[in-house]
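Just below is one structure, and these are the notes that go with it.
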Amino acid sequence: MASELQHTLWLWLEGFFPRRVWYYLLTKGLVTSPADLLEGKTANPSLRINRMHMDMSTGGWTFDDPSNPAPQGASTPCLGIHNTATGETRYIYESASILVYLETVYGNTQGGPSDMPQDPLDVATMNDIIGITNLAMLDSGYYMRHAVPVMSAWSGLANEDRSRAAALNARAGMAKSLGKVQAWAAKSLQTTGWLTPGIGGPGLADFCLAAARRYLELTFGWDIFEGGGEELKELAAWYERFKGLDWWEAAEERTIVHPAQLRLGKECREF
């Protein structure tokens, strides 16, 4: 069955949630280098990347392979799984679900490090960490909608409905959830230095939080761990460790790594 499946990833590399996926691809070795990532090349013939590009003047999308656009209404990332035997194509839309699927399919065939634990309890803990990370990111979005005028406009929130109290409440909720990430990952942070339990290196939980930390820094000039002070110092140290991965500099420290139009800077946050 596995040989009959062809996979297509639609990725806007500059995006928030797509970063989770390409962090995984580079760490796993499904993409052998940042240069190959930029060209949409993978190390496995059953996996293709169709890079997406945002037209900043219209907000629309173009594709490296325009003959195979993302399905109507899908956001990025999106994974299509085409069964060549039956002709059926199914889709996975959520980044965390895409990560689990890719590791399940390629984890034992591609080589490279294991990015997801095998022990059921460790898997449950990993899912807890990813879940609370997602909750933290929801609160970061609510904070931005109220604290950043342009974000209010993009999300359809009228300027007169913005609220300082709502912004600060959401930011406090985010910090609380990040504190839970740190607490729930305390054992693995102490033993391996990573968030994902039961493996020796960075895994799916690490990719989820690191992508958020990086995107919010690039777009809003925001270190989401700074507000926690000493309380989030272990996460701050963890992120510095993550930036030491061998592909990081070539992938994330390029001259043009984020659209200039989306670099709003910390001055955009009014609260």
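The values are calculated or read from the model by the stated rules, or taken from the named source; none is laboratory data. Since this is a predicted model, take the numbers as computed values, not measurements. When we count neighbours, we look across all protein chains shown, and the Cβ atoms used for this are built from the backbone with ideal geometry, even at glycine. The accessibility values were calculated without ligands, DNA or RNA, using every heavy atom of the protein model including side chains. Shrake-Rupley method; radii C 1.70, N 1.55, O 1.52, S 1.80 Å.
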Seminar exercise, completed: In debye to the nearest 20, the charge dipole size for the stretch 190-256, taken about the Cα centre with +1 at each Lys and Arg Cβ and -1 at each Asp and Glu Cβ, equals 180 debye
For this session: Just tell me which aspartates and glutamates come within less than 20 Å, Cα to Cα, of K180; anything on the same chain fewer than 8 places away is out.
Result: D122, D128, D139, D206, D223, E226, E230, E231, E234, E240
Seminar exercise, completed: Probe 1.4 Å, all chains present, heavy atoms only: T255 accessible area in Å², nearest 10, is 140 Å²
For this session: Just the number, please: percent antiparallel of the DSSP beta bridges in the chain, rounded to the nearest 5.
Result: 70 percent
Exercise. Over the chain, with a single point scatterer placed on each C-alpha, what log10 of the ratio I(q)/I(0) does the Debye formula yield at q = 0.09, 0.11 1/Å?
Worked result: -0.42, -0.64
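Count the net charge of all other residues whose Cβ sits under 9 Å from the Cβ of N50, scoring Lys and Arg as +1 and Asp and Glu as -1.
Computed value for this residue: 0.
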Exercise. Any idea what the dipole of the stretch 158-206 comes to, in debye rounded to 20, about its Cα centre with Lys/Arg Cβ at +1 and Asp/Glu Cβ at -1?
Worked result: 180 debye
Exercise. Does the stretch 204-247 come out rounded, prolate or oblate, given a ≥ b ≥ c as the square roots of the eigenvalues of its C-alpha gyration tensor, rounded meaning a/c under 1.5 and, failing that, prolate meaning a/b above b/c?
Worked result: oblate
For this session: Take the stretch 61-185, drop everything but the C-alpha atoms, weight them equally and run the Debye formula without solvent; then report log10 I(q)/I(0) at 0.12, 0.17, 0.22 Å⁻¹ to two decimals.
Result: -0.72, -1.06, -1.19
Problem set entry | Normalised per residue, the volume of the convex hull around the Cα set of the stretch 1-71 (Å³) | 105 Å³
Problem set entry | Eligible lysines near K28 by straight Cα distance, threshold 18 Å, same-chain separation 8 or greater | K41, K243
Exercise. What part of the accessible area of the chain, given as a whole %, is carbon or sulfur when the probe is 1.4 angstrom?
Worked result: 51 percent
Exercise. Mind checking the dipole of the chain: about its Cα centre, +1 per Lys or Arg Cβ, -1 per Asp or Glu Cβ, Debye to the nearest 20?
Worked result: 320 debye
Problem set entry | Prolate/oblate/rounded label for the stretch 1-128 (Cα gyration tensor, a/c 1.5) | prolate
Exercise. Which one of H146, Q118, L102 has its Cα pushed farthest toward the positive end of the charge dipole of the stretch 44-152, where Lys and Arg give +1 and Asp and Glu give -1 at the Cβ?
Worked result: H146
For this session: Output the antiparallel fraction of DSSP beta bridges having both residues in the stretch 1-63, as a percent to the nearest 5.
Result: 40 percent
For this session: With a 1.4 Å probe and every protein chain left in place, work out the accessible area per residue of the chain in Å², rounded to a whole number.
Result: 47 Å²
Exercise. With a ≥ b ≥ c the root eigenvalues of the C-alpha gyration tensor of the stretch 166-271, is it rounded (a/c under 1.5), prolate (a/b larger than b/c) or oblate?
Worked result: oblate
